[in-house]
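The values are calculated or read from the model by the stated rules, or taken from the named source; none is laboratory data. A quick note: this is a predicted structure, and the numbers were derived from the prediction, not measured. Note that each Cβ is placed from the backbone with ideal geometry, even for glycine, and that neighbours are counted across all protein chains shown. These accessible areas exclude ligands, DNA and RNA; they are computed on the full protein's heavy atoms, side chains included. Shrake-Rupley method; radii C 1.70, N 1.55, O 1.52, S 1.80 Å.
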Amino acid sequence: MHVLVIGAGPTGLALAVMLARDGNRVTVLERDAGPPPGGAEAAWESWRRPGVSQFRHPHLLLPAVFRTLRTEVPEVLDELTGMGLRQGNLLDGALRSGILDGPRPGDERFTMMDVRRPLFEAALDTVAGRTAGVTVRRRTAVRALLAGRERLPRQPHVVGAVTADGEAVFADLVVDAAGRNSPVGRMLRELGAPGPVEERDEYGFLAYTRYFRAAPGTESHVPPWPTTHYESVSTVSCAGDAGVRSVSFFVSGQDRALRALHREQTWDAVLRLFPAESHWAEGGRPVTGVVAMSGMEGRHRCFVVNGKPVATGIVSVGDAWATTNPLFGVGISSGLLHAALLRSLLRTQDADDRHKLAVRFSEATEEVLGRVRRHLGVWDRHRLAEVERLTHRPPGASAPVDSDWHFRRTLETAKLRDPDILRAVAATAALLATPAEAFGDPRLVERVLALGRPAERPWASGPSRSKLLAAVGAG
C-alpha cells in the first residue's frame, strides 16, 4: 500500500517509519525546509519551521514518548544519545527534594527525555531518511486533495494530493499530519465534503518563555514537579539537552495586563517574584529573548459524524485531529500514540474498506485519546474561568461548586506531600494511566482530600496579584 502523509513533524515522521517497516511505501510531503547540516546546535540555532508556531517552545517529551520510541523506533533514541540526550525521570525532582523517600520498583516507567524539539525532529528526520520505503519531500506544500471514484454515494473519496507546483501525488491512503493549523478541512470542503466538525474553545492561554544555559554545577537540578500553578499564572520549568533550560509563564489569553511579559525586562522582573523558578536563571546565561506563543485554544476536528466519515481515503492524526493546552506537554506523546494506533489498525483492518477504516479509527481514537482531550479541556475551562473571576471579579461573585474540579485543585497541594499520590499523578500526567485507573482506590482519594483540606489556598504560594501587576508595570 502507498500512504501519503501530509506533514513531517514528529507524528508524521514516526508514522512513516512505522508503516514502512510493515512493508508499506510512504511519501511524506512537508512545506518547510529540513534540518540544516552541522549537528545538534545547528538544528537549534539555524532551523526555521514557519509552519510550526510552537517549534521553538519547550516540549515535555513525556514517558509515553520514550516508551513508544523504544518499542517502535529505537534508532531515534540512539540518534538523540549521539546528540547529547540526557535521559531523566519524571520523579527525579521529587527524589532530589526529599518528597520521595527513594525509588521503587516500577519507577522506571517514568523514564523520559530532556531534549529541545528541533533536535528531536532532526533525529527523527535522520532515521526516516535511512528507512527503506520512506521518501520525505521537503519544501513541497500541498495545495489541494485529489478525489477519485466515490466509495459511498455523494461522499468524496480522496486518492492523493496536488502540490503547490501542480504535481499530482496518488496514494491508497492519505494521512493528515499537518498539525494544529492543518488546511485539510478547507481542502475537503473544496471537494464538496462538509468538512470535519470543529470544536474550538473561545479562548485559551498565552505562553512566554526564555531559555538559559545552566551555570556549571547546576545542570542536574530539576524542580520537584515541572509545572506549578499559582493564583493567576502557571509556570513550566524544563531541563533540556546540553545544559539548556527553559522557564515559561502561562497566562490567560484574556489577562491583558500580563501580555507585557513579551518584553525581556518585564519577563525578568516577574521571574524574580518566583524563587522556585528564578534560581534557574541565577548564574545562567540567557540564550534567547522571550519566545511568545498564542493560538493555544483547545481544538477538536471530528471526521466521522453520526457514524459516517465526511470523506473516505483520508484520516487525521496528532494535532491535526485535536490540540490540547501545551502547559501539560502531552502533544507529542498523544501524536506518537495516535500514530501507533493507526499503524496497529492498518495491520488488522482491511485497508480497501475505506469506510470501515475511517469509522474504526475514529472509534479507537476516542477510546484511547478522546478522554485525555476531554479531561484537559475541562481543566482549561475551569482554570480560565477562575482567572477571569480573579481579574474581573464583580462584587459578591463566587465560583460554582464542582466536586471534580475541587479534587483536581486539591491534588496540586497533596501531590507533593504523599509519595503514593505523586506517583498516581505522574501516571496520569505521563499518559500511562487514566485518572480513574490511577485513583481507583477510595483510600487514596481520601488521603488526597485529607492532605488538601488544611491548605489555605489551592495553588502554590506566590506573589499577590498586586505585586505581579507592579512588576509588570515596572518592567
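Restricting attention to the stretch 361-374 and to residues that are under 20 Å from the mean Cα position of the chain (by Cα) and surrounded by fewer than 19 Cβ atoms within 10 Å (Cβ to Cβ), the residue that is farthest from Ala436 (Cα to Cα) turns out to be Ala364.
To keep it simple, each residue is scored yes or no on (1) open to solvent by 20 Å² or more (accessible area, probe 1.4 Å); (2) in contact (Cβ under 8 Å) with a residue 24 or more places away in the chain; (3) of a type outside the set (A, V, I, L, M).
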{"position": "Gln155", "(1), (2), (3)": "no, yes, yes"}
{"position": "Val158", "(1), (2), (3)": "no, yes, no"}
{"position": "Asp172", "(1), (2), (3)": "yes, yes, yes"}
{"position": "Ala178", "(1), (2), (3)": "yes, yes, no"}
{"position": "Arg210", "(1), (2), (3)": "no, yes, yes"}
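Answer yes if at least one residue in the stretch 445-468 is basic (Lys, Arg), within 26 Å of the chain's Cα centre (by Cα) and modelled with pLDDT under 90, and no otherwise. Within the stretch 445-468, none of the residues are basic (Lys, Arg), within 26 Å of the chain's Cα centre (by Cα) and modelled with pLDDT under 90.
Identify all residues within the stretch 178-201 that are more than 22 Å from Leu346 (Cβ to Cβ) and not in a loop (DSSP other than H, G, I, E, B); write none if there are none. Within the stretch 178-201, Gly185, Arg186, Met187, Arg189, Glu190, Val197, Glu198, Glu199, Arg200 qualify.
The residues of the stretch 124-153 that are in a strand (DSSP E or B) and free of Cβ contacts under 8 Å to residues at least 40 places away in the same chain, listed by number, are Arg143, Leu146. Among the numbered conditions (1) of a type outside the set (S, T, N, Q); (2) modelled with pLDDT under 90; (3) within 21 Å of the chain's Cα centre (by Cα), the only one that Gly82 does not meet is (3).
Evaluate the following for Gly93: is it open to solvent by less than 30 Å² (accessible area, probe 1.4 Å), more than 18 Å from Arg130 (Cα to Cα) and out of contact with any helix residue (DSSP H, G or I) (no Cβ under 9 Å at 6 or more places or on another chain)?
Values: open to solvent by less than 30 Å² (accessible area, probe 1.4 Å): yes; more than 18 Å from Arg130 (Cα to Cα): yes; out of contact with any helix residue (DSSP H, G or I) (no Cβ under 9 Å at 6 or more places or on another chain): yes.
It is true that Gly93 is open to solvent by less than 30 Å² (accessible area, probe 1.4 Å), more than 18 Å from Arg130 (Cα to Cα) and out of contact with any helix residue (DSSP H, G or I) (no Cβ under 9 Å at 6 or more places or on another chain).
When you look at Glu121, is it part of a helix (DSSP H, G or I) and touching a Gly at 6+ places or on another chain (Cβ under 9 Å), yes or no? Criteria met by Glu121.
Scanning the stretch 168-204 for residues that are among the acidic types (Asp, Glu) and in contact with a His (Cβ under 6 Å, 6 or more places away or on another chain) turns up Asp172, Glu199. Please indicate, with yes or no, whether at least one residue in the stretch 162-174 is aliphatic (A, V, I, L, M) and under 22 Å from the mean Cα position of the chain (by Cα). There is no residue in the stretch 162-174 that is aliphatic (A, V, I, L, M) and under 22 Å from the mean Cα position of the chain (by Cα).
Checking each residue in the stretch 243-263 for being more than 16 Å from His57 (Cα to Cα) and in contact with a helix residue (DSSP H, G or I) (Cβ under 7 Å, 6 or more places away or on another chain) picks out Ser252, Gln254, Asp255, Ala257, Leu258, Ala260. Annotation: Ala474 fulfils all but one of (1) more than 23 Å from Arg383 (Cα to Cα); (2) at pLDDT 85 or above; (3) open to solvent by 30 Å² or more (accessible area, probe 1.4 Å); the unmet one is (2).
Taking every residue in the stretch 391-417 that is farther than 18 Å from Ser232 by Cα and pairing it with any residue that is open to solvent by less than 40 Å² (accessible area, probe 1.4 Å) and at pLDDT below 85, at least 6 positions away or on another chain, the pairs with Cβ-Cβ distances below 8 Å are Ala414/Gly452. Please go through (1) crowded, with 24+ Cβ neighbours inside 10 Å; (2) touching an Asp or Glu at 6+ places or on another chain (Cβ under 8 Å); (3) not basic (Lys, Arg) for Gly318 and return the number of the only condition it doesn't satisfy. All conditions pass for Gly318, except number (2).
Asp78 satisfies every condition listed in (1) among the charged types (D, E, K, R); (2) over 19 Å from Gly329 (Cα atoms); (3) touching a helix residue (DSSP H, G or I) at 6+ places or on another chain (Cβ under 7 Å) except (3). Among Gly7, Gly82, which is the only one that is small (Gly, Ala, Ser) and without any contact (Cβ under 8 Å) to a residue 12 or more places away in the chain? The unique qualifying residue is Gly82.
Condition test on Leu411, is it closer than 23 Å to Ser333 by Cβ, modelled with pLDDT under 90, buried (at least 19 other Cβ atoms within 10 Å of the Cβ) and under 27 Å from the mean Cα position of the chain (by Cα)?
yes
Filtering the stretch 4-45 to residues that are more than 20 Å from Ser334 (Cβ to Cβ), out of contact with any Gly (no Cβ under 7 Å at 6 or more places or on another chain), at pLDDT 90 or above and not in a loop (DSSP other than H, G, I, E, B) leaves Arg21, Thr27, Leu29. Of the residues examined, Val175 is one that is assigned to a strand (DSSP E or B), at pLDDT 95 or above, in contact with a strand residue (DSSP E or B) (Cβ under 9 Å, 6 or more places away or on another chain) and among the β-branched types (Val, Ile, Thr). Residues in the stretch 269-315 that are in contact with a strand residue (DSSP E or B) (Cβ under 8 Å, 6 or more places away or on another chain) and of a type in the set (D, E, K, R) were compared, and the one that is most open to solvent (accessible area, probe 1.4 Å) is Arg285. The set of residues in the stretch 46-84 being out of contact with any strand residue (DSSP E or B) (no Cβ under 6 Å at 6 or more places or on another chain), among the hydrophobic types (A, V, I, L, M, F, W, C) and either open to solvent by 40 Å² or more (accessible area, probe 1.4 Å) or part of a loop (DSSP other than H, G, I, E, B) (or both) consists of Trp47, Val52, Phe55, Leu60, Val73, Met83.
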